[in-house]
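Participant: My questions will all concern the structure given below.
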Amino acid sequence: MIDLRSLRGLRAILLGGIPLLIVTVVLAAVITENDSTQPRGTPLHNTTNQRGQLLDPIVDGFRAAAFRGQEQDEIYHNWSGMMMANASRDPAFFAQLSVANHDIIELINSMPGEPDDPNTELGEFLVDNKLDQDIFRDPDTGRLEPEELLPFTADLCIRCHSPVGWLEGRSEPPTTESPHLRGQFWGAALLETPVDASGNPRRANFAVESEAEMDGLQCDFCHRAKNNFKRFSRYDGSVMANGSGGYFVATRNPFDDEVEPEFDFQEEGVFCGTCHDVTNPLLFTQTLVNGQVPDPPMMHPIERTFTEWYWSDFRKEESCQDCHKPMKFLGAQTWLIYPGLDMLWGEVDRKWRQPPFNYNIPPRRRAWQDAMNRNRRFMAREAARVQIVNTPSGALPGEEVTVNVKVTNKAGHKLPTGYAEGRQMWIHIQVVDARGSVLFEDGVLDPNGGLIRTPETKVYEHIALAKDYPFLDEHDEEFHFILLNFIEKDNRIPPKGFNKAAYTADGAFIIPRDPKDTDYPDGQNWDVTPYTFTIPPDALAPVQVTATLLYQTFNREYMEFLRDHDVEPTQSFGGRARDLPAGGQYANLDLTWGEVLFKLWEDTGQGPPVEMGQARFNLSFGGDGGGNDNNEDDDSDSDSDSDSDDDD
């Protein structure tokens, strides 16, 4: 059984306004409820939470990017199509949010003891979080009530997916009076565009609203960002971005200033580290590294993209923004951007009316299409290199042949990286003779979109589990975001010049599990996978070997998990989750976000994979073959340069 005593540290961890910080490793005073990240005090319009606390969110100056995009220029077009601009429209965000909230509720309900007995685990937890006078156990159901007062996790998620929404009080950070994860937010508070009850354009009252919370990482937030919270590296004590949405912003409207703000901070990789390192604030990791759990204990690392970059050669050579160009921020999402977001959200940018402006912004469809094509080209050209190396150029029918496929990581972080749940990169290898007969193939998707895994299959992935929870069985341990406490596998390829000891110390673990996995030594940014097959006696020469590196943002297992585990109805059907978008193809359906995400995945061709590189090799019969890529330094037949996606 999991040691739930670690949850008693929740109060100490959450005393500041940034709930993901561990107070023992901060550089200065913790961020308080009076900090600019979401201050408390005199409310703008008498807003209080359920405990009667006054909220004073930052509203002034936040404008939706469509409002700023009145001239419909290239910057706005590029911004509006990328995933960072649509982080608040990601259907997986809403689905996982509901699952995480329910998982925390189940976790607290599973704690032994009674609410009114401080000598039990549950009672002590409620005392530590100042809930002992409010929570009781329902005698009929045995569950803790009122459920709406139990800690939720949404506050952790909305910080990065909708920073403007968080800054405007759509979620509640902890305070000294209410130190636990409040976050009374199931996505329902986020608004779309300024329309009235009939769906007609209206004027936004910018004294109390901005309508910018659905715009993800948008103009005003980035222009206001001035710093982020820091942590000490466990490797050498150096100062790193803490991550987990710990940002500082200016309270003023930057576009009202006569002098444009400086952008030193926004141009540094540490800015990206604000959200691209994520740590579970509740649980210590139980991951075994070199046979033992980290000592001293480590809060469980969920994402370590910034750490991966920080402890590599790229920190000395390139910032994150050098590859992920600002206002485009190229990345791996393709089908989710288009046609996915278009099908789900429909027309996003509508008519904006605010004196002296009265203009129309065209629908975002073209921006999504352009972003999808940019991402496909970026992934095919910039992320990886595929080669066939150390392979004989000739063989005879009936002989056994071993082909070695080398994948080199050209990125500044692990490949793949990010929040890795459901992400998979794999090698599809196919051997075909002159007749077109397939002699050997591995790494194939089945008709239902699932990857067929064999002993030969190489899948680069991060598999984390929620182990030893009394309400989960051993077949339901994967994908529970907020409960993850054990990394079972991480064979993703590290970047050039990575420091393995630093990776281990700061939570970017390398954990081989499968027989073909590589336990990468210091600095190695490549992996070689052997495939052995027998050439049939009747094969016709020449034999062509094709190795293709493929990537999926969401595998079928993850889609099924969210479909089955998101049980929170949308508001239209009596639940707490926000309604499905009114302008999309799935409006007014009696579906949870997990169900609509699965349907969207199916309707878009099961989230087709992105090609990241390809190598071909000709194998003749005899000693003088047509092999052309045996030398590891040979650049031929590597890296797909196809622009075939441009017209999609």
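The values are calculated or read from the model by the stated rules, or taken from the named source; none is laboratory data. If you're wondering where the values come from, they're calculated on a predicted model, not measured in any experiment. Here the Cβ is made from the backbone with ideal geometry for all residues, glycine too, and neighbour counts use every protein chain on show. Quick note on the areas: whole protein, heavy atoms, side chains included, nothing else; ligands and nucleic acids left out. Shrake-Rupley method; radii C 1.70, N 1.55, O 1.52, S 1.80 Å.
Participant: Check off (1) open to solvent by less than 20 Å² (accessible area, probe 1.4 Å); (2) closer than 21 Å to ASP566 by Cα; (3) modelled with pLDDT under 90; (4) not charged (D, E, K, R) for LEU131 and give me the number that stays unchecked.
Facilitator: Only one criterion in (1) open to solvent by less than 20 Å² (accessible area, probe 1.4 Å); (2) closer than 21 Å to ASP566 by Cα; (3) modelled with pLDDT under 90; (4) not charged (D, E, K, R) is unmet by LEU131, namely (2).
Participant: Something else: Can you name the number of the only condition in (1) of a type in the set (Asp, Glu); (2) at pLDDT 95 or above; (3) farther than 27 Å from THR334 by Cα that ASP538 fails?
Facilitator: Of (1) of a type in the set (Asp, Glu); (2) at pLDDT 95 or above; (3) farther than 27 Å from THR334 by Cα, only one is false for ASP538: (2).
Participant: Moving on to the next point. Please go through region 138-168 and pick out each residue that is more than 26 Å from ILE58 (Cα to Cα) and in a helix (DSSP H, G or I).
Facilitator: GLU147
Participant: Give region 503-531 a look and list any residue that's among the hydroxyl-bearing types (Ser, Thr, Tyr), within 24 Å of the chain's Cα centre (by Cα) and either more than 25 Å from ASN280 (Cβ to Cβ) or open to solvent by 30 Å² or more (accessible area, probe 1.4 Å) (or both), or say none.
Facilitator: THR504
Participant: Also, I was wondering about something else. Which of the numbered conditions does PHE471 fail, given that it passes all the others? Conditions: (1) touching a helix residue (DSSP H, G or I) at 6+ places or on another chain (Cβ under 9 Å); (2) closer than 29 Å to ALA87 by Cβ; (3) open to solvent by 20 Å² or more (accessible area, probe 1.4 Å).
Facilitator: (2)
Participant: When the residues of region 411-443 are filtered to those that are of a type in the set (D, E, K, R) and not in a strand (DSSP E or B), which remaining residue is surrounded by the most Cβ atoms within 10 Å (Cβ to Cβ)?
Facilitator: Within region 411-443, the match that is surrounded by the most Cβ atoms within 10 Å (Cβ to Cβ) is LYS414.
Participant: Quick one: is LEU580 within 23 Å of PHE152 (Cα to Cα), open to solvent by 10 Å² or more (accessible area, probe 1.4 Å) and part of a loop (DSSP other than H, G, I, E, B)?
Facilitator: yes
Participant: Can I ask one more? Is it fair to say VAL289 is open to solvent by 30 Å² or more (accessible area, probe 1.4 Å) and among the β-branched types (Val, Ile, Thr)?
Facilitator: No.
Participant: Give me a count of the residues in region 261-282 that are crowded, with 24+ Cβ neighbours inside 10 Å and farther than 25 Å from GLY497 by Cα.
Facilitator: 1
Participant: Select from region 561-577 the residues that are part of a helix (DSSP H, G or I) and among the polar types (S, T, N, Q) and list them in ascending order.
Facilitator: GLN571, SER572
Participant: Scan region 138-148 residue by residue and report those that are in contact with a Lys or Arg (Cβ under 8 Å, 6 or more places away or on another chain) and open to solvent by less than 60 Å² (accessible area, probe 1.4 Å).
Facilitator: LEU144, GLU145
Participant: Yes or no: region 371-378 includes at least one residue that is buried (at least 22 other Cβ atoms within 10 Å of the Cβ), touching a residue at least 12 places away in the same chain (Cβ under 8 Å) and not in a helix (DSSP H, G or I).
Facilitator: No - not one qualifying residue is present in region 371-378.
Participant: I would also like to ask the following. Would you mind stating whether ASP590 is open to solvent by 20 Å² or more (accessible area, probe 1.4 Å) and of a type in the set (D, E, K, R)?
Facilitator: Here the answer is yes, as ASP590 does meet what is asked.
Participant: Among THR402, THR408, THR454, which is in a strand (DSSP E or B) and either in contact with a Gly (Cβ under 7 Å, 6 or more places away or on another chain) or surrounded by fewer than 18 Cβ atoms within 10 Å (Cβ to Cβ) (or both)?
Facilitator: Of the residues listed, the single one that is in a strand (DSSP E or B) and either in contact with a Gly (Cβ under 7 Å, 6 or more places away or on another chain) or surrounded by fewer than 18 Cβ atoms within 10 Å (Cβ to Cβ) (or both) is THR402.
Participant: Among the residues of region 108-119, is there at least one that is open to solvent by less than 30 Å² (accessible area, probe 1.4 Å), in contact with a helix residue (DSSP H, G or I) (Cβ under 8 Å, 6 or more places away or on another chain), over 25 Å from LEU484 (Cα atoms) and touching a residue at least 12 places away in the same chain (Cβ under 8 Å)?
Facilitator: yes
Participant: Count, please, the residues in region 211-230 that happen to be polar (S, T, N, Q) and open to solvent by 10 Å² or more (accessible area, probe 1.4 Å).
Facilitator: Qualifying residue count, region 211-230: 1.
Participant: Going residue by residue through region 157-167, is there one that turns out to be closer than 25 Å to ASP476 by Cα and in contact with a helix residue (DSSP H, G or I) (Cβ under 9 Å, 6 or more places away or on another chain)?
Facilitator: Yes, region 157-167 contains a residue that is closer than 25 Å to ASP476 by Cα and in contact with a helix residue (DSSP H, G or I) (Cβ under 9 Å, 6 or more places away or on another chain).
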